[in-house]
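Written below as structure tokens is the structure these notes are about.
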């Protein structure tokens, strides 16, 4: 183990951890009035981590990646890509936080610190090449998430969300750990490479069980059907900035790790997990589309929309080709922009007294009162539905293209048909905010920070986003190729 | 030979007491059966030559069970008077259980002296080096090869602690009941809180 190299590769996580610890001291001595300052400092720490990781990603000296800490951590383009996405999502969620908690009460400096530690956990997850690192990162992320979900102590819904997430999440972690122990028991190794070598020539019953249990655990973390039940309740109950965080960063991390595990560790046994992923993909798309139709709360609707989107992402994974893995990364990038934008827009929906509006009916005709906000929501919804020329279309396009290239025409056809069903409820929201009689409830002012994030997200998903296509696809291809090495 | 015998003794007792944990009507009895199950699991660990894990099982789990015990006693309304009533009646049974435990201890020690059971490993790479004790081997891995994960585990515990404090700690305003002034608490000296008295015989004490 080369200590210098190890420290060099893990510097972003170590740096974030150290800044989290220092900020914890600031919070402990300064009290609640330091909340805003701690948030700003956390954002700058995350920016530093983004810069450092970008250097690792584009620097030709590290093109081949490398292992750290005696083969439990791997720095490669796939991990760096996912990490940058995670850090940026965390930055976006932190920037919009102060105003929300200052208006609704309960702002404390620990919020930003827990988000920082959560980001460290996610970064470890996506860089892990050992089941132990993976589980440690996952637990760090999950524990932070449980705390964040119930962060609004005065709100009963938030406490309920935290408790539900905690109980179900602990169960899912247990299932995942059980699967890992089976895989370890039947292969004799916890490192991805060791497992892959052991499973090279067929796998035993026990290892198959282990793989299935592990996939079930991951399906819970990415909220794929049939492990999606917690999503609407948690997304509705958690404070909106936390919901924005849940629907972006942890989802990126969990999808990235699922992709790495499936294509790298179990890369020789595609036949075992492919049918599970295909089922989860189709079920998520259909349940996400049908479940959203009856919702009256915008946060619940977006929760079903996230289930629906996870289905599309899994189609890319089901293809089990480099193009499919690259499509997963491209879709994730666009999804982060859409989802973050949508939840920030929800955060900006307030009545004249400044309290949050979550009811879809109250948004009726808001284009008269808040034209810019209404248009942003309009475009975000159309982009989530995947309507060209918005950038959301491109994500769906690459995913279906990968599926068709892998001869999964039926899967792609069902996916496209279900995405038409999904378009219904997005269009319904558009119709309500644009054409209905004004309910006259939307008012209030939003901070500069919220507008900035919303406008950046809207720009990314607007037709201008197509400028990003070629660098994005080049990076995603390079990252995806790391999962397909020959042993 | 003695190892096999000890293995079956410990294993059957683990399973038996685990069944009793869920079958026992009285929650306090459940907790006691749980302790028995942990002790026997520790015995199994001793048999395979993992003394360190056996020790951890006893120290950590029995410690945790003590806390669990407190919870059970505090949260459930148990009539202790009724429980004590059967003390004399159950005394022979208690002696029997104690004897079995003593026998186990004896068998376990003899089996340990006869050498650990050889478990199958995929290759020899995971086996401990000769002449190195368990604790040394675990320590070398934990603080050497896996030091990074060890630190991550520390951060996980830290996050759990932050979470527990953030979600439950409430700063009460100054003057309100339950307001905590840490400086005042630290400044407090023994002289402020205690008085030495030399009471005369046959007379009370004035406070």
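Working ranking of peptides B:6-12, A:34-40 by packing, defined as the average number of other Cβ atoms within 10 Å per residue, highest first, is A:34-40, B:6-12.
Applying 1/(1 + (r/R0)^6) with R0 = 22 Å to the Cβ-Cβ distance of residue A:351 and residue A:372 gives a FRET efficiency near 0.80. If the segment from residue B:138 to residue B:194 were pulled out straight at 0.36 nm per residue, it would be longer than the present Cα-Cα gap by 15.3 nm.
Stokes-Einstein, applied to the Kirkwood radius of the range A:231-371 over Cα pairs at a viscosity of 1.306 mPa s and 10 °C, places its translational diffusion at 98 µm² s⁻¹. Partner shielding of A:183-189 amounts to 2, given as the average count of beta-carbon atoms from other chains within 10 Å of each residue beta-carbon. Prolate is the label for the range A:196-279, because a/c, from the alpha-carbon gyration tensor with a ≥ b ≥ c as root eigenvalues, is 1.5 or above and a/b exceeds b/c. Using the Cβ-Cβ distance between residue B:90 and residue B:67 with R0 set to 22 Å, the FRET efficiency works out to roughly 0.30. Of the Cα atoms belonging to the range A:406-472, the radius of gyration and Dmax stand at 17.9, 52 Å.
Here is the P(r) of chain B: all C-alpha pair distances, binned every 10 Å from 0, give 6, 18, 22, 20, 18, 11, 4, 1, 0 in whole percents. Footprinting exposure proxy ranking of A:102, A:139, fewest other C-beta atoms within 10 angstrom first, gives A:102, A:139. Based on the alpha-carbon gyration tensor of the range A:105-181 and its eigenvalue square roots a ≥ b ≥ c, which shape applies: rounded if a/c is under 1.5, prolate if not and a/b is larger than b/c, or oblate? Oblate.
Shielding by partners for peptide B:139-150, expressed as the average number of C-beta atoms from other protein chains within 10 Å of each residue's C-beta, is 4. Placing dummy labels 7 Å off each Cα toward the beta-carbon, the span from residue A:359 to residue B:56 is 5.5 nm. Across peptide B:168-174, the average count of Cβ atoms from other chains found within 10 Å of a residue's Cβ is 1.
Give, to the nearest whole percent, the P(r) tail of the range A:63-126 beyond 20 angstrom, counting all Cα pairs. Considering the range A:63-126, 41 percent of its Cα-Cα pairs are separated by more than 20 Å. Distance between the modelled labels on residue B:170 and residue B:102, one decimal in nanometres: 5.4 nm (7 Å Cα→Cβ projection). Over the residues of chain A, the helix contribution to mean residue ellipticity at 222 nm works out to -24500 deg cm²/dmol, using -39500 (n - 2.57) for each DSSP H run of at least 4. For chain B, the mean residue ellipticity at 222 nm estimated from helices alone is -21000 deg cm²/dmol, where every DSSP H run of n ≥ 4 contributes -39500 (n - 2.57) and the total is divided by all residues, rounded to the nearest 500. Derived value for the range B:5-50: Kirkwood hydrodynamic radius 10.6 Å. Basis is the mean of 1/r over every pair of different alpha-carbon atoms.
Using a simple spin-label model with pseudo-atoms 7 Å out from Cα toward Cβ, residue A:63 and residue B:24 lie 6.7 nm apart. The relative contact order of the range A:3-480, computed from alpha carbon pairs under 8 Å that lie at least 6 residues apart in sequence, is 14 percent. Binning the C-alpha pair distances of chain A at 10 Å intervals from 0 yields a P(r) profile of 4, 21, 32, 27, 12, 3, 0 %, listed from the shortest bin outward.
The C-alpha atoms of chain B define a longest principal axis, and helix B:2-23 lies at about 40 degrees to it.
What residue among B:164, B:140, B:114 has the largest mean-square fluctuation in a Gaussian network model of chain B, using Cα springs under 10 Å? In the Gaussian network model the winner is B:164. How far, in degrees from 0 to 90, does helix A:298-318 lean away from the longest principal axis of the Cα atoms of chain A, to the nearest 10? Roughly 30 degrees, rounded to the nearest 10.
Values in this text are rule-based calculations from the coordinates and carry no lab data. It should be emphasised that the depicted structure is a prediction, and the values quoted were computed from it without experimental measurement. Cβ: placed from backbone, ideal geometry, glycine included. Neighbour counts: every protein chain shown.
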